[in-house]
Structure formats: C-alpha cells, structure tokens
Amino acid sequence: MFLPFVERTTSGFLPTSATVVQHLDLGTVHITRTQARRSRAEGGDYRDPGDALVWAFVLRGRVSVRQSRHVLDTDVGAMSVKHFRRATSFQYTPDFQALSIRMEAESLGLRPRALDALSSMAFPVGGGVPRMLWSMAGNALQHASDLTPATAGAVARSAVDFTAAFVDDFLGRLTPTEVERRNVVALALRHIDVYAADARLTPAKVADGAHVSLRSLQKAFRAESRSVATSILEARLARATRLLADSAPSTPIEQIAERSGFSSPARFSRAFRERYATTPSDWRREHGLPDLAADLTVPHARSPQQLIDGVRTLP
C-alpha cells in the first residue's frame, strides 16, 4: 500500500519528503540512502535533488514517481533514472528504502527525448552496469570515513563514466573503449582497496568483484600499464605502512603482516624489503610512534598513590 503522494512545491520537494539515513558528498556526485518517513516527528533532512540526474536503487518496498502525465513504479531490486527537476510528485510504501546516486544533469549531455526514454522504465539490478553502480555506491557509503579527497574524486568520476556507458548502451551508441576500460579498472581498484586485508583475495576474486572475466580484467590493467597482482600487493604494503606507523612498537610484525593481508610474515618481510629497501622493524623505528609506555614506567610503585607521585616527578 502506497502512502499519499508528495507534491513538488515552488521551492522543490520539502525536507519532510523522506528521511535521509546517510549522505555522502563527492563534489559533483552525491550518494544518498533514504527511507520512508514513518511519522511527523521523523525526517526533516531530505534534500531536493534540484537539477540533477538521480539513479535510484530500491532496497526495500516500492516507489512511484510522476513526471508530467507518466507514472513509473519501481520495485525492490530495480533501478530507475530521473531528471528530478521534471518530477512533479512521488509516493512510496511504508517500508521503502533506496540508495541513490545524484549527479549534475549536464554531466551526460542528454537531450530531453533521451531523458524521457530513460525515465520511462525501471532496470533490473541483477547484473551489468546497474549492478556495478549499486555495488560502488554501497561500498562508498560503507567506507565513507576512509575516503581521501583523491579517492572521493575517483569514485565520482567512475560514477559518471559508468552511467555514461549505461546510457550509451541503452540509446544504442558505442561506448569508447578507453572509457569502458577505465570503468573496469576503477571498479577493480576499489574492490582491491576494500578487500586487500583478506589474504584470500586473488586476481580471480577481483574479477568477480568487477563483474568481468579474469582475462578481460588483466587486459584492461595491461592497457593501463599495470597488473592486478601488483595492485593487490601495493594495496597491502600501503596498509602495512599505515599499521606500522600507527601501532605501538611492541606490536608483533606477524600481526602487522596478518592484518595487511599477507599469508605469512616471511612473505611480508620479503615484499617489504623489495619495495622499501628496509625491514618492517627498521621502518617502524624510523617512522612509527615513540615507545611512550617505556617513558611512563615508574619503578617499584606499590600503590596507586605511589604511582601518581611517581608520574608527577617525571620531566
């Protein structure tokens, strides 16, 4: 059962139109997770997309969007595309939840007729580009706190490239080979960044994560003068240096190796020496945290008061 239609006002859809669960600002691209507003007290933080293209993935329930005289219903497991400035109203079921990617309308340079064609149907998210977009948006929200400005920019560019490829395919145009290759490499690198700490990650599993064959993935990486295996290794070594710098000097190297995705401490040490021309232990002594625990040791403190008095006498 649908809730009543939410109507567009002169200033757009009101902040009470839905409840925002999470929002990620990537500059030209925004990723948002919303749900049905269940009571008058809930919500108030919905942002009208304005002059934006909205790629919406229904996670639960159902949504119905009216654009002029046309009404499109989108069920769970499907994706819809809307130029939201042209939407006049929408309604959803009480259990509705959605993940959306919003981008500037001019980013794809679509004419009104093309927008009308895209807005007239819902697309299954079972595979292909819709599945890639859904996966990328979900991962970006899940790891939002870890995104650097450079990574956030790469995610935004990938979103635009993926949607451009989808539109080209839908409208019967040929997607440039370099754009298609860049899409595959970007998605694979994101998968590596997320799962590098898993020692079971292999190029074949990266290919599965990028929804392409291993051969196609390796071909795309070669065209970019890279290799999948080397990219996995570099991601693990980068993680290892962060852990070495941030961990206490007493943290065992074996633990750093395991948490970085290496199958054994010996392989970790060998790879580290080849990459940085030093051992993990020596690198940590030069770049890591000081051993504060040793500086705060108070010998022969036999009571809490003796410990406090001892700390007060430290220089």
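Note on region 191-289: Cα-Cα pairs beyond 15 Å make up 61% of the total pair count. Once C-alpha pairs closer than 8 Å and six or more residues apart are averaged by separation and normalised to the residue number of the chain, the relative contact order reads 12 percent. Taking the longest Cα principal axis of the chain as reference, the axis of helix 214-223 is set at about 80 degrees. When its C-alpha radius of gyration is set against 2.2 N^0.38 Å (N residues), region 6-126 gives a value of 0.98. Residues whose amide H comes within less than 5 Å of that of Val21, counting only those at least five positions distant or on another chain, are Arg33, Thr34, Gln35 (H built at 1.01 Å from N in the peptide plane). The slack in the chain from Ser213 to Ser250, taken as 0.36 nm per residue of separation less the alpha-carbon distance, amounts to 9.0 nm.
For Cα extents along the principal axes in Å, the value computed from the atomic coordinates appears in the list (1) 55, 46, 36; (2) 82, 55, 30; (3) 66, 52, 41 under label (2).
In the chain, the calculated helix contribution to ellipticity at 222 nm averages -14000 deg cm²/dmol per residue, counting -39,500 (n - 2.57) for every DSSP H run with n ≥ 4.
Under 16 Å from a point 7 Å along the Cα-to-Cβ line of His287: which residues of region 227-242 have their amide N that close? Zone members listed by number: 233-242.
Of interest is the spacing of the C-alpha centroids, which for region 184-202 and region 1-67 amounts to 32 Å. Within the shell defined by Cβ-Cβ distances under 10 Å, the residues around Ser89 carry a net charge of +1, with Lys and Arg each +1 and Asp and Glu each -1.
Amide H contacts for Val6 (H built 1.01 Å from N in the peptide plane; partners 5 or more residues away or on another chain; cut-off under 5 Å): Phe90, Gln91.
What does the charge add up to near Glu274, with Lys and Arg as +1, Asp and Glu as -1, over the other residues with Cβ less than 15 Å from its Cβ?
Cβ neighbours under 15 Å give a net charge of +3.
For the chain, the longest principal axis of the alpha carbon atoms and the long axis of helix 228-246 meet at an angle near 60°. Under conditions of 25 °C and 0.890 mPa s, region 128-171 yields 224 µm² s⁻¹ as its translational diffusion coefficient, taking Rh as the Kirkwood radius over Cα pairs in the Stokes-Einstein equation. Among residues other than Ala186 with Cβ under 13 Å from its Cβ, the summed charge is 0 (Lys and Arg +1, Asp and Glu -1).
Values in this text are rule-based calculations from the coordinates and carry no lab data. Note that the coordinates shown come from a computational prediction; the quantities given were computed from them, not determined experimentally. Reconstructed Cβ throughout: ideal geometry from the backbone, glycine too, with neighbour counts over all protein chains shown.
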